[in-house]
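The values are calculated or read from the model by the stated rules, or taken from the named source; none is laboratory data. Just so it is clear, the model here is predicted, and its values are computed rather than measured. Positions of Cβ are backbone-derived with ideal geometry, glycine not excepted, and every protein chain shown enters the neighbour counts.
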Amino acid sequence: MISISEAIAIIKANIPAPVVEECPLDQALGRYLAEDIQAPEPSPRYTNSAMDGYAVRWGDVRDLSLERPATLAIIGESRAGVPFSGTVGAGCAVRISTGAMLPDGVDTVIRVEDTREAGQSVIINVAKRLGQDVRQRGEEFGTGDLLLRLGARIAAPQAALLAAVGIARVKVFKPCDVALLATGSELIAAGSAIADHQIRDSNMTMLRAAVLETGAQLVSRARITDDRQATVAAIGQAAADIILCTGGVSVGRHDHVKEAAEENGFTPLFWRIRQKPGKPLYLARKGKTLLFGLPGNPVSAFMCFTHYVRPLIGAIRGLSFGWPIVFAQVGEEIVNKGGRPNMLRVRMTCDADGGYAATSAARQGSHMLTSLVDSDGYIIMEPGQAIQPGERVLVYSFDFR
Ligand code: AMP
Ligand code: MG
């Protein structure tokens, strides 16, 4: 039996090298950049107006006052997408819309609210400074400036920035492939008729969801009975970066996952971790493929997935191996009376100061899915540890951000 940190060290030492692929921007959402992105052009690309109004020469409006407004001849218009082609001379103005190109000859924009039209002229009442309401070419960034760093997640703003500078394809880390294998002669597909001695296969549903939430790709799903040959065959057929088995990994006479993996040429990396729940976790490797034998108990399987598999999937996608964590204040005393470190599920609420308060979830049984549904994360407590009311604790959040 190894410790939680030993298990993590072994997993980290076996992370497959991330694979980089190029894909269209539309398919890069939620993925992580495998390259730095430099601006191929400046932003704004052309000097344009920040307001609907009139493009003018500062020299023509510099000396105006409320008593002596400036009157300029309107000689044309620059609209978004339809620029004014001429040059604006002294005493002249051009109507301009937000985002429209600033014509040659002008340097300043007067917003509509500070003007009044009279025939073919515009009367300007207020002008504050040279260049007001003009967005200068390159004022946001210039060609070659760093826009996004390797490792950046492509969400809506990042995708928009790439689109804005004309980048339609990006290099991203390839999400890993996952194969699921549920073992257990008692299992029946959720939705099928069930006999008294059977169990609905909720792990398949849970792990499918958990895998997809972390951005990995599910390539196969299979459910088999506790039969050694069937287990050997199913593991042999599962082709993926990560094979996730559930059940059949303890010391029972009908637990075949470990032997079946090794019969398929997998080398065991560890079996059993000093923790509760999730003690029977098994990890083996064959080439670049990692096989996890998750315990069958749904809560144990989920906790093992969350603490070990999820950060691994993240690392393959280009993230650093880690967990989403928050700090919270404990509301009442929590004691770990057991002999193993306990991944204790906690419920989080916002306290009066805007921080988090954590309380132990009422149900902690490893067969009780409600213990997960009713909690927001977990804390890891050492054997015998007692946490006092008001103490701050590190909470591993179930939310994957
Ligand atoms: P095992 O790890 O195979 O000894 O299973 C431990 C417990 O988890 C047993 O009560 C099983 O019935 C239950 N279990 C195993 N696999 C699943 C599954 N896929 N869905 C729900 N419960 C399961
Ligand atoms: Mg079983």
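Output the strands (runs of 3 or more DSSP E) that fall wholly within the range 289-401 and possess 1 or more residues being surrounded by fewer than 17 Cβ atoms within 10 Å (Cβ to Cβ), or say none.
325-330, 342-350, 356-360, 392-397
What strands (runs of 3 or more DSSP E), lying completely within the range 1-114, carry at least 1 residues that are of a type in the set (Phe, Trp, Tyr), over 40 Å from the mean Cα position of the chain (by Cα) and in the same structural domain as Ile379 (by TED's automatic domain parsing)?
Counting at least 1 such residues, we get no strands (runs of 3 or more DSSP E) at all.
Given the criteria closer than 30 Å to Pro44 by Cα and either modelled with pLDDT under 95 or buried (at least 18 other Cβ atoms within 10 Å of the Cβ) (or both), does Val172 qualify?
Yes.
Just give me the residues in the range 246-268 being buried (at least 18 other Cβ atoms within 10 Å of the Cβ), more than 8 Å from ligand 1 (Cβ to nearest atom) and not charged (D, E, K, R), in sequence order.
Selection gives His256, Val257, Ala260, Ala261, Asn264, Phe266.
Modelled with pLDDT of 95 or more and away from ligand 2 (no atom under 16 Å from the Cβ): does that describe Arg135?
For Arg135, the condition - modelled with pLDDT of 95 or more and away from ligand 2 (no atom under 16 Å from the Cβ) - is met.
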